[in-house]
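Notes follow the structure.
The values are calculated or read from the model by the stated rules, or taken from the named source; none is laboratory data. The structure presented is a predicted model; accordingly, all values stated were derived computationally and were not measured. No Cβ is skipped: glycine too gets one built from the backbone with ideal geometry, and neighbour counts run over all protein chains shown.
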Amino acid sequence: MAQTLKTSALDRRVWLVAIAFFAIGTDFNVVSGILPALARSLDVSVPAAGQVVTSYAFFYAICAPLLAGLTTSMRRKPLIAGSLTAFALANAASALAPTFAFLIGTRIVAAFAASMFAPAAYGFAASLATPERKGAALSAALSGITASLVVGVPIGSYIGNRFGWQGSFWFVTALALVGAIGLGFRLEHHEEQTAAPAMGAPAASFLARFAPLAKRPVLLGMVPSLVWYVAMFSLYTYLGATFTERGMTKEGLSAMFAAFGIGSLIGNHVGGSLGDRFGSQRVIATALVIQIANLAWLGTTGASLVANALAVAIFGMNVWFMFPAQQSRLLALAPKHGPLVLALNNSTMYLGGAIGSAVSALLIRHGVATANLPWVSCVLYIAALVVFALCSRALRCDARVSTRTESM
């Protein structure tokens with residue numbers, strides 16, 4: 001019995017990877033909670049401060065697939081420990097930023113380091129488990145992202161609003177250093193040494209990561225997710241500013257992000273199983289409809305703490321409700337390109353973050369009140385539902401044509 005338990009237990013290094021992902025998830029998402037304080041401190045407008053999110057998300061979206069291809073031949077220990085250390089130092093530099101322009105530069109460096117760490121960490125976590133436990137190892141490692149929404153972001157937001165926005169970045173720096181030091185000591189050169197790639201190999205690997213996009217089913221599957229990520233981040237980026245304008249206290253802001261995190265945890269836990277039972281298509285369509293109704297309600301909740309917390313929890317639940325369902329849908333559309341398609345879907349999320357935050361910044365500059373951003377997100381989610389329906393219809397038509405062709 002003891003032998004069985006020992007065999008089934010996950011390698012402790014998986015949990016060090018989870019700590020690192022906890023730091024990365026907190027870093028990206030905590031900015032929303034400190035945006036008003038950051039804008040005041042650096043003497044910029046709230047929409048201008050939103051560029052902190054836009055720049056990070058854009059460079060992560062671009063760098064992640066590029067670096068995943070270019071770093072495949074590197075040894076894991078220097079790659080993982082080095083990129084995580086660079087991420088920690090970039091956050092320390094963010095905390096010390098004397099100007100807004102300097103802060104933007106440090107966020108780009110942090111995005112670069114995080115996008116280098118993530119794919120290597122996925123592979124490392126999977127390599128620490130037996131074939132039948134690889135899924136559990138990856139799930140445990142990525143639990144750091146979900147935990148960051150439930151715990152890291154509310155704590156980081158409270159620290160930033162209580163002691164100055166710099167405190168949030170010092171918090172992330174400390175978390176990242178714990179992960180970097182732990183992994184640096186515990187990583188072993190257990191991977192096989194590989195020969196240096198031939199000239200041009202990295203470029204081919206990079207281009208190969210985008211090959212699935214040339215396939216019509218994958219493209220039709222990803223376009224709707226880009227639109228709903230734009231809709232999601234158009235509100236989430238300015239969630240702190242939205243409730244600050246509604247008169248919410250610092251403690252209230254932390255409660256809002258805790259509610260979002262709890263909703264995300266529920267959505268991520270339930271979304272995959274419901275997708276398996278009822279089909280990804282139906283789950284995504286239902287989640288989009290619920291999200292539209294919920295955001296319309298959030299647009300009318302005013303300063304009510306309970307109503308806002310419930311609406312934000314539903315908002316987070318639906319965001320993560322769709323994530324595993326969309327992954328399953330993409331895997332079904334391109335079963336031969338699973339890892340590549342999922343990596344591109346991750347980049348799509350960050351690209352949606354860059355576009356969504358930029359759209360809201362533009363609207364705020366033209367007079368839209370941040371308190372009314374739930375309505376903006378609602379309209380964009382309606383667009384996402386329409387695009388999803390049109391793309392799903394096109395996929396069904398393609399499937400019928402393919403069936404007829406094969407039967408002839």
Residue that is nearest to the chain's Cα centre (by Cα), among those in region 9-29 that are over 13 Å from Ala118 (Cβ atoms) and of a type outside the set (A, V, I, L, M, F, W, C) = Asn29
Which condition breaks for Pro78 when tested against (1) out of contact with any helix residue (DSSP H, G or I) (no Cβ under 8 Å at 6 or more places or on another chain); (2) over 23 Å from Ile19 (Cβ atoms)?
-> (2)
Options Ser94, Ser55, Ser45: the member that is under 23 Å from Leu373 (Cα atoms), within 22 Å of the chain's Cα centre (by Cα) and either basic (Lys, Arg) or assigned by TED's automatic domain parsing to the domain that holds Gln166 (or both) | Ser55
Is there any pair with a first residue in region 1-22 that is under 18 Å from Phe185 (Cβ atoms) and a second that is surrounded by fewer than 17 Cβ atoms within 10 Å (Cβ to Cβ) and modelled with pLDDT under 90 whose Cβ atoms are under 6 Å apart and which are 6 or more apart or on different chains, and what are they?
-> Arg13/Arg186
Hey, among Thr249, Thr286, Thr242, which residue is among the β-branched types (Val, Ile, Thr) and within 16 Å of Leu373 (Cα to Cα)?
-> Thr242
Would you check which residues across region 265-297 are among the small types (Gly, Ala, Ser) and modelled with pLDDT of 90 or more and list them?
-> Ala285, Ala287, Ala293, Ala296
Within region 25-32, is even one residue more than 21 Å from Met349 (Cα to Cα), touching a helix residue (DSSP H, G or I) at 6+ places or on another chain (Cβ under 6 Å), among the β-branched types (Val, Ile, Thr) and at pLDDT 95 or above?
-> no
State whether one or more residues within region 379-396 are of a type outside the set (A, V, I, L, M, F, W, C) and at pLDDT 95 or above.
-> yes
Note on Leu344: of the conditions (1) surrounded by 18 or more Cβ atoms within 10 Å (Cβ to Cβ); (2) within 30 Å of Pro36 (Cβ to Cβ), unmet is (2)
Tell me which residues, restricted to region 229-274, are among the β-branched types (Val, Ile, Thr) and surrounded by fewer than 19 Cβ atoms within 10 Å (Cβ to Cβ).
-> Thr249, Ile262, Ile266, Val270
From the list Ala176, Ala241, Ala255, Ala204, pick out the single residue that is assigned by TED's automatic domain parsing to the domain that holds Ser148 and either in a helix (DSSP H, G or I) or modelled with pLDDT under 90 (or both).
-> Ala176
Does Val223 fit the bill of being at pLDDT 85 or above, within 30 Å of Leu385 (Cβ to Cβ), out of contact with any Phe, Trp or Tyr (no Cβ under 8 Å at 6 or more places or on another chain) and part of a helix (DSSP H, G or I)?
-> yes
Does region 44-68 hold any residues that are over 16 Å from Ala241 (Cβ atoms) and either touching a Pro at 6+ places or on another chain (Cβ under 6 Å) or outside any helix (DSSP H, G or I) (or both), and which are they?
-> Ala68
Among what's in region 106-150 and is of a type in the set (Val, Ile, Thr) and farther than 18 Å from Ile80 by Cβ, pick the residue that is surrounded by the fewest Cβ atoms within 10 Å (Cβ to Cβ).
-> Thr130
Residue that is surrounded by the fewest Cβ atoms within 10 Å (Cβ to Cβ) [pool: residues in region 152-178 that are within 13 Å of Ile19 (Cβ to Cβ) and touching a Phe, Trp or Tyr at 6+ places or on another chain (Cβ under 8 Å)] | Leu175
Any hit, region 98-120, residues being part of a loop (DSSP other than H, G, I, E, B) and free of Cβ contacts under 8 Å to residues at least 12 places away in the same chain | yes
